[in-house]
Each structure stands twice: as structure tokens, then as C-alpha cells.
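Colleague: The following block contains the structure, expressed as C-alpha cells.
The values are calculated or read from the model by the stated rules, or taken from the named source; none is laboratory data. The structure displayed is predicted, hence computed values, not measured ones. Positions of Cβ are backbone-derived with ideal geometry, glycine not excepted, and every protein chain shown enters the neighbour counts. We work out accessible area using only protein heavy atoms, side chains counted, and drop any ligands, DNA or RNA first. Shrake-Rupley method; radii C 1.70, N 1.55, O 1.52, S 1.80 Å.
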Amino acid sequence: MLKIDNVTISYKKVPAVLDFSLDMKPGQIISLVGESGSGKTTVIRAVLGLLAGGGAITKGDILFDGESLLSKTPEQWRSLRGSDISMIFQDSGAMMNPTRKIGSVFTEYLQTHEKISRKDAWAKGEEMLRKMRLPSPDNVMGSYPFQLSGGMRQRVGIAMAMTYQPRLLLADEPTSALDVTTQAQIVRQMMELRDTYGTGIIVVTHNLGVAAYMSDYIVVMKNGHIEDQGDRDHILHHSENEYTRTLLSAVPSMEREQGGEKDV
Ligand SMILES: Nc1ncnc2c1ncn2[C@@H]1O[C@H](COP(=O)(O)OP(=O)(O)OP(=O)(O)O)[C@@H](O)[C@H]1O
């Protein structure tokens, strides 16, 4: 579905990610882990065509369903984003305009993606919030972002990102701003998205506990390159890479804290 082929990404000619390759199957959950500055966010922003600060792909290609994303026009990007590929951020609420209510932001989002009346967009937004199991969706629609908890805001962000059932969801530190209990809820909810809609997810996280819990495949990044990678089980239990072992030794087990069923 997604193939990142030997990509180098630079900010103003200074390489930040070097020779990065990844082959993702539909419905797979892949985590990118590694220390701050290792290039995780740069990789997923490149996939969404949203590199900041003069960032550019200087080598390689990114293919979605066999088609290069690098040759897409701005118009093609607009129709791809949201419908085929979506993204959620560390604190979705912080991305929203604090002076506008959720309902207003959500309906505008829907109206930029489809020809739909404001009334129908409002109902569709509410329905998505209900699907994400937000309590009182009508109240949420009528709230400002600051009136919701971090976990609720993140579920609003996921609801918006999932409206058009994208096949690929890019999540940048989606649980970092949340307390441990809420983190677990959001992680489980993302896993449900995969199970319900078959959404493939790339999650950037510095939390190896989260990666261990939800991923099928883990990519360990260091200084802009792939230091180690493999199936969850390989990385967690069989990798001989020293850096991976060091990262793992510092992992608080989400399962132990949450009483979950998986063993890390
Ligand atoms: N907008 C930018 N302009 C210039 N350089 C940048 C920019 N964004 C990132 N970089 C550089 O690219 C490298 C990788 O950064 P990136 O944010 O992708 O790492 P990360 O692993 O996601 O880190 P973090 O976990 O802190 O978000 C770093 O050296 C960083 O300084």
C-alpha cells in the first residue's frame, strides 16, 4: 500500500533523514521509535506532503498504491489528504482554533471535503463523535476545545481524521499529552480502527510501551537513519541491536500498568 523507497529528506540542504525505506501492507500498524531528533516526524510529514521549514525529499520516492506521491499536484494532494491519508497530532485540540467551537471546525472540515449542507455536515460530525464513543456528542459539538479534556480532544481529532475512512492514518505522538489511563484508551481505540476499517497506521512515539502494545512492526530510528527494524516480537524479544536493547530496558510496561493481556 505504502512504499517509502530509499528516501533522503533535508532541511535547507542539511539531511535529516537518510536512505529510509519502508514497505507497509494494508491494515498494518507500524511504529517509528527513537530518540528526539532522530527523524520520526520528518518521515511521516514527508508521507503527507507537509514538510515544514523548507524540508524537501532530495532522494528516493514515496509510493501510495504504486503511484508516486512526489509528483502529485496541490489539487491531488488536497483530495488525497483526509480521504486516503489522514493525520493526527500530539494534541489535536491545540491544532484547532481556540475561538471556534468543535462543531464549527468539524462542519467546515466536512464541507471542504464534500458537497454537503451545513445541517447534514453537523449531523455527520455528531455521528462520527458518537462512533468514537464521545459522551454527549451534541455537547461536544457545542464546546470550545479548551472545554474538553485532552483525551476527548484527541478523540475529536481521531473522529475527524477517520470520517472518510482513510486507508492510512499517520499519528504523531498521539498519546504523549495524555495521562496513562487515557493513553491506553486512545491506543485501544486506534487498534479498533484497524480492526473495524482496515486502516493502516504509522505511529510516531517515543514511548516504546505504546509501540510494543499496538504495533505489528517496529522501526527504530537514530540520527536520521534506521538503526533496527522488525516484527514486534523480534524487536521486543530477539533483537541483538544494542541501541534497541537500551531503549527497551527503559520501557515502563503499559500492560503491567493497565493490567492488559499482552506481555511485553
Ligand atoms: N522545520 C525544521 N527546520 C529545520 N530542521 C528541522 C525541522 N524539523 C526538523 N528538523 C531537523 O530534522 C531532524 C529530525 O527532526 P524530527 O522532528 O523529524 O525528529 P523526531 O525524531 O520526530 O524528534 P521529536 O521526537 O523530538 O519530535 C532534527 O535534526 C531536526 O533538527
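Colleague: Quick check on region 84-106. Is at least one of its residues among the hydroxyl-bearing types (Ser, Thr, Tyr) and closer than 21 Å to residue 23 by Cα? Can you show your working first?
Modeller: Looking only at region 84-106, we keep the residues that are among the hydroxyl-bearing types (Ser, Thr, Tyr), and these are 86, 92, 99, 104.
Going one step further and asking which of them are closer than 21 Å to residue 23 by Cα, we end up with 86.
Within region 84-106, one or more residues are among the hydroxyl-bearing types (Ser, Thr, Tyr) and closer than 21 Å to residue 23 by Cα.
Colleague: Ok, one more. What strands (runs of 3 or more DSSP E), lying completely within region 1-82, carry at least 2 residues that are within 12 Å of the ligand (Cβ to nearest atom) and open to solvent by 70 Å² or more (accessible area, probe 1.4 Å)? Talk me through it step by step, then tell me what you get.
Modeller: On the way: elements: 2-11, 14-24, 29-34, 55-64.
Where strands (runs of 3 or more DSSP E) fall fully within region 1-82 and carry at least 2 residues being within 12 Å of the ligand (Cβ to nearest atom) and open to solvent by 70 Å² or more (accessible area, probe 1.4 Å), they are 14-24.
Colleague: Residues being open to solvent by less than 30 Å² (accessible area, probe 1.4 Å), aliphatic (A, V, I, L, M) and not in a helix (DSSP H, G or I): count how many of those fall in region 83-124.
Modeller: Number satisfying all stated conditions: 4.
Colleague: While we're here: With the requirement that a residue be among the acidic types (Asp, Glu) and either in contact with a helix residue (DSSP H, G or I) (Cβ under 9 Å, 6 or more places away or on another chain) or buried (at least 18 other Cβ atoms within 10 Å of the Cβ) (or both), what does region 176-200 give you?
Modeller: Looking only at region 176-200, we keep the residues that are among the acidic types (Asp, Glu), and these are 179, 192, 195.
Matches in region 176-200: 179 only.
Colleague: Please work out which one of (1) buried (at least 20 other Cβ atoms within 10 Å of the Cβ); (2) part of a helix (DSSP H, G or I) is the condition residue 134 fails and give its number.
Modeller: (2)
Colleague: Do we find that residue 173 is among the acidic types (Asp, Glu) and under 19 Å from residue 219 (Cα atoms) in this structure?
Modeller: Values: among the acidic types (Asp, Glu): yes; under 19 Å from residue 219 (Cα atoms): yes.
Yes: the conditions hold for residue 173.
Colleague: Can you tell which of 133, 194 is of a type outside the set (A, V, I, L, M) and either touching a Ser or Thr at 6+ places or on another chain (Cβ under 9 Å) or over 19 Å from residue 87 (Cβ atoms) (or both)? Show your work before the answer.
Modeller: On the way: 194 fails: either touching a Ser or Thr at 6+ places or on another chain (Cβ under 9 Å) or over 19 Å from residue 87 (Cβ atoms) (or both).
Unique residue meeting the criteria: 133.
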